[in-house]
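These notes concern the structure reproduced below.
The values are calculated or read from the model by the stated rules, or taken from the named source; none is laboratory data. Quantities reported herein were computed from a predicted structural model and do not represent experimental measurements. Reconstructed Cβ throughout: ideal geometry from the backbone, glycine too, with neighbour counts over all protein chains shown. For accessibility, only protein heavy atoms count, side chains too; no ligands or nucleic acids. Shrake-Rupley method; radii C 1.70, N 1.55, O 1.52, S 1.80 Å.
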Amino acid sequence: MERSLAKSLQEYLRGIAGGLLFSLPLLYTMEVWWAGFITHPIRLLIYVLATFSLLLAYNRYAGLRRSAGALEVAIDSVEEMGLGLVIAAVMLWLLGQINAEMNLTEISGKIIVEAMTVAIGVSVGTAQLGGDGKEGDTGMQGEDAQPSSSPIPFLTDNQGDFGGQIAIALCGAVLFAANLAPTEEIIVIAIETPTARLLGLALLSILFAVLILFYSDFTGSQRFSQIRGIKNILFGAVVTYAIALVASAAILWFFGRFDNTTLFICLAQTVVLGVAATLGASAGRLLLQ
Amino acid sequence: MKKLEKNWLEWIVFAISLILVLFTLGYIVYDGATLGETPPNIELQLSQPQPQGDRFIIPVTAKNLGDATAETVQIEVTLNSGGKEAETSQFEIAFLPRYSTRRGWVIFQTDPRTVEQIQARVLGFEKP
């Protein structure tokens, strides 16, 4: 059965609201505009493809129509990216960052860099901001929809949708970390902070992961809280932090923060950004599904 | 495969999105394939001096013909009279992306229309 026009229009508007909600800080950040024309095309291409993969994964495991066929997931991802491009273009124009006098490489670069986060925001917004979205569509009948009463060990290897958990955690990490990664502050903190305190930040991140996932009583966390066991907690925290570090490093690399930088400063930046990414990976993954 | 259930609005949004995404990917690939390795190459162009109150302004256009972005581009314009430097002015451009143009003005006390030669040059820039 086709959805009614009103319903699909509602979904798109929800997506647009979500896109702006999650990416507005980036649209208002100078460093991101600059990244648009500084970034080499090859790096830009990798960024677009990585975002598209993330969209596919998110739509597959947590999106509005998660049980839909592969083709429908791909179509949704293309639509989200298209909406992202349009929203980014309109916002950048309104903010005076693109105009007709500029060269095409500059305009397209700025739009593309901004559009990627907007697209993830659109995806999350469409799926999460709706009150009736989950029941209305085929969403919850999917094979990986678990009844919320049965406790599921978080991120344990015997679980069927381990890949899905990782995909959602990665989405949360990227969504949160992308807002901080392009700013100068990350490198300033990384350079100025003594090693001992960097270690403190790393431990804090892991502590947050444990608290949010197992003890916070966040929406959804009760699904894991019944099976605390030291092994599960340790496993969950380590995997979450690992995902956060990978996401941080990838975004920092894209924004050129690793170029001509010594390994230790790269690592320090990853740890500094990792705090935000861990919050995203743990809280985000509870809220995003 | 299950038949797709989409109404016309969804098909239109999808079609436009697909075009945008394919165009974007195509453009990036084209840009990457044609991008050379030349460093920033900045060309300056001076326009007609205009009097403004008790001073004179000259519009300067800077165009980067190289394949890389230049940061903090320092531009100096000198008025030469009788083989001597009469007056010097300068300004800075924060970012000059590849193939892009930025505009600025230099301001002088001396009337540029009375000097023999106006010289503009780029002092230097940073790699972002």
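Among the residues in segment A:214-230, are any of a type in the set (A, V, I, L, M), buried (at least 23 other Cβ atoms within 10 Å of the Cβ) and either modelled with pLDDT of 90 or more or not in a loop (DSSP other than H, G, I, E, B) (or both)? Spell out the reasoning first.
Keep residues of segment A:214-230 that are of a type in the set (A, V, I, L, M), which gives A:227, A:230.
Within this subset, residues satisfying the condition of being buried (at least 23 other Cβ atoms within 10 Å of the Cβ) are none.
No: segment A:214-230 contains no residue that is of a type in the set (A, V, I, L, M), buried (at least 23 other Cβ atoms within 10 Å of the Cβ) and either modelled with pLDDT of 90 or more or not in a loop (DSSP other than H, G, I, E, B) (or both).
I want to confirm something. Restricting to segment A:16-39 and keeping residues that are open to solvent by 50 Å² or more (accessible area, probe 1.4 Å) and under 30 Å from B:PRO39 (Cβ atoms), which single residue is farthest from the other protein chains (Cβ to nearest Cβ)?
Only one residue fits best here, namely A:MET30.
Conditions (1) buried (at least 24 other Cβ atoms within 10 Å of the Cβ); (2) modelled with pLDDT of 90 or more; (3) in a helix (DSSP H, G or I), marked per residue:
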residue	(1), (2), (3)
A:MET140	no, no, yes
A:ASN158	no, no, no
A:GLY164	no, no, yes
A:LEU180	no, yes, no
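Working carefully through the options A:ILE42, A:ILE75, find the one that is without any contact (Cβ under 8 Å) to a residue 12 or more places away in the chain, in a helix (DSSP H, G or I) and open to solvent by less than 20 Å² (accessible area, probe 1.4 Å).
A:ILE75
For segment A:261-277, enumerate the residues that are under 19 Å from A:ALA196 (Cβ atoms) and under 17 Å from the mean Cα position of the chain (by Cα).
Passing the criteria: A:THR270, A:LEU273, A:GLY274, A:VAL275.
Look at B:ASP54 and say whether it is more than 25 Å from the chain's Cα centre (by Cα) and of a type in the set (D, E, K, R).
Yes: the conditions hold for B:ASP54.
Considering only residues that are more than 9 Å from every other protein chain (Cβ to nearest Cβ) and open to solvent by 60 Å² or more (accessible area, probe 1.4 Å), look in segment A:1-15 and name the one that is farthest from B:SER17 (Cα to Cα).
Residue satisfying both the conditions and the ranking: A:ALA6.
Of all residues in segment B:86-103, which are assigned to a strand (DSSP E or B), within 14 Å of another protein chain (Cβ to nearest Cβ) and of a type in the set (Ser, Thr, Tyr)?
Across segment B:86-103, the qualifying residue is only B:THR101.
Scan segment B:12-28 for residues that are more than 16 Å from A:GLY36 (Cβ to Cβ) and hydroxyl-bearing (Ser, Thr, Tyr) and jot them down.
If the condition is that a residue be more than 16 Å from A:GLY36 (Cβ to Cβ) and hydroxyl-bearing (Ser, Thr, Tyr), then B:SER17 is the only one that fits.
Considering segment B:62-85 alone, what residues qualify as being outside any loop (DSSP other than H, G, I, E, B), more than 9 Å from the chain's Cα centre (by Cα) and surrounded by fewer than 19 Cβ atoms within 10 Å (Cβ to Cβ)?
Passing the criteria: B:GLU71, B:THR72, B:GLN74, B:GLU76, B:THR78, B:ASN80, B:SER81, B:LYS84, B:GLU85.
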